[in-house]
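Everything below concerns the one structure shown next.
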Amino acid sequence: MASSYDIIIVGAGHNGLTAAAYLAKSGLKVLVLERRELVGGTCVTEEVWPGFKVSTAAYVNSLFRPHIIRELELKKHGFEMLPRNPSSFTPFPDGRSLMMGPDAGLNHREVSKFSTKDADALPRYERTLERIAAFIEPTLDETPPNIFSLHPRELWRLTQLAWRFRKLGKDASAAIEIVTGSARGVLERWFESEELKATLATDGIIGAMASPSMSGTAYVLFHHVMGECNGVRGVWGYMRGGMGGITQALAAAARQHGVEIRTNADVARIVVRDGRVTGVALADGTEFTAPRVASNADCNVTFFKLMDPKQLPEEYAAALKAIDYSSASLKINVALGEVPNFKALPGNAPGPQHRGTMHICPTLDYIEEAYDDAKYGRPSKSPVLECTMASVVDPTVAPAGKHLMSMFVQYAPYKLREGHWDKLKDAFADRCFDILNEYAPNFKSSVIDRQILTPLDLERRFGLTGGNIFHGAMTLDRLFLLRPAPGWAGYKTPIKGLYLCGAAAHPGGGVMGACGYNAYRVIVKDRVA
């Protein structure tokens, strides 16, 4: 006989766990079902090698909503962020380097090595982004209005949004450019030095199948000023013990409020009868009933793999089929015997150059050319590397004297014109290692072991369609009141009782928890309506 619940959450990623904890706190009987052997989705810590606690996918944190940390008392369950300062280090082929962080004085001195004009412009650029972020950030915790509804409530919400936008004043045009324009266009208007522009441009392409010159890449530029670490704005941090610290804390809070979490529970089907959800069925035949189901999976998995798309309105199904899952991100986790000794800033001991993100992308054109390869279905000959070493700030993630590197690589296209990732992955990783070795000649000899996750591996391991870490492109046509589809941005779906609670919904990808929190509010409101 099927077990019965008030609501079932499909997937124990950070958004699913957030929704589950709040729903249980509100009095509902909640079941969370996770396909893998551990909770967390892409926000996990796994002991890939003895003594190495690897943040297998997501690797840094800043955007996780502070009110969720407070309201679910996550610090009581082990949630602890460790700030990164400096936050980035970019070595260049000519032996110079650029180090940046929350220290305005450091930034001015470092940028002045390349351009005094840019050093003076940087604070103004940051303040502009902060003012735009102040307008956009509140929308993260809001249910987007339905642009097709004439209900007075929806019209009032649209009016409020327009009024807030009006208050941007002279920054309104900059806000439009940030949301719709290219990262390259914005950066070239503000700065002249290639070194600074290339370093900042990586914020616009991370996780995207796009180059800095493409429209929409400017949108995420303001993310580095929007988040916080321990109450300090614009600072990114590592989670003590790895990124799984977030989801383990969420799971503990959820269980404290009565949530039942089952791992190794592979949901094979969302059961729908007469246009209404009635529960789920697992791959082993086990069934659970509930009048509500919330999916933490992307739209392709939710609607085209876990149910019959013929149960959807034709227009809705067509809109979901048009979601772009193109991906060009590859992750290499590396166990190291020592830190990289950079020619631009020598040192065999951990130093400030190792604390934040180490960028290997000397110019904007370098990034563009790396994308050009991927555009034609080829792994980049000279890929963009973003390397982090949490072990320098958090010694608990690696054995004494050893280190752990997370290498996030652009561009490695999911769809290859020739060959298969299973056969090409080692050669591509070797190329990435060769490039880093040009800047830090001891790197390759310090490697103890490595784990390579291609876009195909990300799809297989984490259920990410196309390896897309954002559950679909974060472009203007799929943001806010258009995510995942126009008229359906409110976490509900055409199937009664079926909701989206993951990154497929507003505000999209990134470790925020906002998707799960916003979905919880809609579900509770529906229940009492």
Being assigned to a helix (DSSP H, G or I), open to solvent by 60 Å² or more (accessible area, probe 1.4 Å) and of a type in the set (Asp, Glu) narrows 137, 130 down to just 130
For region 61-77, pairs from a residue that is under 20 Å from residue 394 (Cα atoms) and hydroxyl-bearing (Ser, Thr, Tyr) to a residue that is open to solvent by less than 30 Å² (accessible area, probe 1.4 Å) and in a loop (DSSP other than H, G, I, E, B), with Cβ under 6 Å and 6 or more apart or across chains, are 62/227
In region 430-452, anything closer than 24 Å to residue 47 by Cβ, in a helix (DSSP H, G or I), touching a residue at least 40 places away in the same chain (Cβ under 8 Å) and in contact with a helix residue (DSSP H, G or I) (Cβ under 7 Å, 6 or more places away or on another chain) is listed as 443
(1) at pLDDT 95 or above; (2) assigned to a loop (DSSP other than H, G, I, E, B) all hold for residue 327 apart from (1)
Residue hits (region 104-137; without any contact (Cβ under 8 Å) to a residue 24 or more places away in the chain and within 21 Å of the chain's Cα centre (by Cα)) are 134
Picking from 502, 516, 490, 467, the residue that is surrounded by fewer than 24 Cβ atoms within 10 Å (Cβ to Cβ), small (Gly, Ala, Ser) and in contact with a helix residue (DSSP H, G or I) (Cβ under 9 Å, 6 or more places away or on another chain) would be 490
Counting only residues in region 275-289 that are over 31 Å from the mean Cα position of the chain (by Cα) and in a loop (DSSP other than H, G, I, E, B), the one surrounded by the fewest Cβ atoms within 10 Å (Cβ to Cβ) is identified as 285
By residue number, the members of region 88-113 that are outside any helix (DSSP H, G or I), touching a Ser or Thr at 6+ places or on another chain (Cβ under 8 Å) and not aromatic (Phe, Trp, Tyr) are 88, 90, 91, 97, 98, 99, 100, 101, 102
The strands (runs of 3 or more DSSP E) lying wholly within region 1-70 that contain at least 2 residues that are open to solvent by less than 20 Å² (accessible area, probe 1.4 Å) and in contact with a Phe, Trp or Tyr (Cβ under 8 Å, 6 or more places away or on another chain) are 30-33
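A quick yes/no check of all residues on (1) over 22 Å from the mean Cα position of the chain (by Cα); (2) hydroxyl-bearing (Ser, Thr, Tyr); (3) open to solvent by 30 Å² or more (accessible area, probe 1.4 Å):
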{"site": "382", "(1), (2), (3)": "yes, yes, yes"}
{"site": "386", "(1), (2), (3)": "no, no, no"}
{"site": "390", "(1), (2), (3)": "no, no, no"}
{"site": "394", "(1), (2), (3)": "no, no, no"}
{"site": "400", "(1), (2), (3)": "yes, no, yes"}
{"site": "408", "(1), (2), (3)": "no, no, no"}
{"site": "445", "(1), (2), (3)": "yes, yes, yes"}
Picked from region 366-380 (must be touching a residue at least 60 places away in the same chain (Cβ under 8 Å) and among the acidic types (Asp, Glu)), the residue least open to solvent (accessible area, probe 1.4 Å) is 368
Selection over region 302-325 where residues are in contact with a Gly (Cβ under 6 Å, 6 or more places away or on another chain) and surrounded by fewer than 21 Cβ atoms within 10 Å (Cβ to Cβ) yields a count of 1
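The values are calculated or read from the model by the stated rules, or taken from the named source; none is laboratory data. This one's a predicted model, so the numbers in the text were calculated from it and none came from an experiment. Glycine also receives a Cβ, built like all others from the backbone with ideal geometry; neighbour counts cover every protein chain displayed. To get the accessible areas, we keep the full protein, side chains included, count just its heavy atoms, and leave off ligands, DNA and RNA. Shrake-Rupley method; radii C 1.70, N 1.55, O 1.52, S 1.80 Å.
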